[in-house]
Amino acid sequence: MPPPREGPQRATQWLFFRGCGGLARVLLRLMRMTSPERFGRLARPVVRLFLSVAVSRRRLVAVMDAAFGESWDKAAKLGLARDVQRQGADAAVDSLLHIGHPERLRDTLRVRGLEHLDAALGRGHGVIALSFHLGNFLLVGGGLGLRGYSIQCLFRFLDDEKFMELVLRHSRSFFAGLIPSIPRRDAVRKILAVLRDNQTVLILGDNLKRGEVETRLFGRPVRSARGPVSLALRSGAAVLPVYLIRNDAGGLELVVEEEMQLTRTGDLHADVQVNTDRIMERLETLIRRYPDQWYWLTARIPPRDEAFPSREVA
């Protein structure tokens, strides 16, 4: 199958996912032949090298320039970009290890805040686990699944058939099920059905490129999807920020935060705007706390030399 011809960006994405898929298949074979500890020692430098080539440090720094401006110097941004590549590689290796050795995550993962999830499920309207491209977001479902929770994940299916075949083959290691985000109407119907059954749907809330709602991140305008807030307002489901990070001791830590208190005035447009702004404020706080664990290319942030008027929040 030749790469798509819609443009250089799509071709680059096709090459990236082909590279990811090929490398993952090789490493999965290697994992069957060795111990988890030895696999980690062998795989981490390989994946770090791959991401240092495949994920442009220059592009990462450009997004950081837009976010931080001159408050961070160039050397600090380059060092942060390097750390982002390294953290991404380590997260990928941890995900591969989870496929072959799920009991390892049960023994090593620290979990905080399950009482918040239990309280939200106790109200009977389902839960939207609002996660971000932060830390190892793939292991959120696996970590909760090992503790008896059923997690469905809203997922954007990719055009690369071979890579998607690999994802679907191993998706049960991470989530009870995947809900395709396209067609949108079908996705909404399936999510509402899961919430009516008082189960949990994980939605990534930081695909900030082509959304319907203009909001702010680091004081800059970004476009966010209205889906998480709209679904919560429509279903009555609780919204809980959930993320999995590598803590200061080097261990993996899954955090379930308290339920976000959503504004519900009955004015759908205003409520979506206010609550989306609130989610962006929470995201920015997490990025500032863990700047090396957020994958910066999920957001399109205008450069600092482009002036934008301030926007009144509804």
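The values are calculated or read from the model by the stated rules, or taken from the named source; none is laboratory data. In this text the structure is predicted, and so the values were computed from the model without any measurement. Note that each Cβ is placed from the backbone with ideal geometry, even for glycine, and that neighbours are counted across all protein chains shown.
Quick notes
- The lone exception for ARG106 - which of (1) modelled with pLDDT of 95 or more; (2) closer than 17 Å to GLY250 by Cα it fails: (1)
- Within region 190-219, the set of residues being touching a strand residue (DSSP E or B) at 6+ places or on another chain (Cβ under 8 Å), more than 19 Å from VAL63 (Cα to Cα) and of a type in the set (Lys, Arg) comprises LYS190 only.
- Restricting region 186-213 to residues that are modelled with pLDDT of 95 or more and among the basic types (Lys, Arg), the residue that is surrounded by the most Cβ atoms within 10 Å (Cβ to Cβ) is LYS190.
- Single match in LEU49, LEU60 (criterion: free of Cβ contacts under 8 Å to residues at least 12 places away in the same chain, within 26 Å of ASP159 (Cα to Cα) and either aliphatic (A, V, I, L, M) or touching a helix residue (DSSP H, G or I) at 6+ places or on another chain (Cβ under 7 Å) (or both)): LEU49
- Here ALA120 meets the list (1) more than 29 Å from SER52 (Cβ to Cβ); (2) among the small types (Gly, Ala, Ser); (3) surrounded by fewer than 21 Cβ atoms within 10 Å (Cβ to Cβ) almost entirely, failing just condition (3).
- Restricting region 228-286 to residues that are of a type in the set (Asp, Glu) and part of a helix (DSSP H, G or I), the residue that is surrounded by the fewest Cβ atoms within 10 Å (Cβ to Cβ): GLU281
- Per this entry, ALA187 is counted among residues that are in a helix (DSSP H, G or I), over 23 Å from PRO291 (Cα atoms) and in contact with a strand residue (DSSP E or B) (Cβ under 7 Å, 6 or more places away or on another chain).
- Close pairs from region 267-291: first under 15 Å from ALA225 (Cβ atoms), partner surrounded by 20 or more Cβ atoms within 10 Å (Cβ to Cβ) and among the aromatic types (Phe, Trp, Tyr), Cβ under 9 Å, at least 6 apart: LEU283/PHE132; LEU283/TRP294
- Some residue of region 196-211 being assigned to a helix (DSSP H, G or I) and either under 20 Å from the mean Cα position of the chain (by Cα) or not hydrophobic (A, V, I, L, M, F, W, C) (or both): yes
- Test: residue in region 23-39 that is surrounded by fewer than 17 Cβ atoms within 10 Å (Cβ to Cβ), of a type in the set (Gly, Ala, Ser) and either touching a residue at least 60 places away in the same chain (Cβ under 8 Å) or out of contact with any Leu (no Cβ under 7 Å at 6 or more places or on another chain) (or both): yes
- The selection criterion, being surrounded by 15 or more Cβ atoms within 10 Å (Cβ to Cβ), free of Cβ contacts under 8 Å to residues at least 60 places away in the same chain, closer than 22 Å to GLY250 by Cα and not hydrophobic (A, V, I, L, M, F, W, C), does not hold for GLY113.
- Those residues of region 271-300 which are of a type in the set (A, V, I, L, M) and at pLDDT 95 or above, in sequence order: VAL272, VAL274, ILE279, MET280, LEU283, LEU286, ILE287
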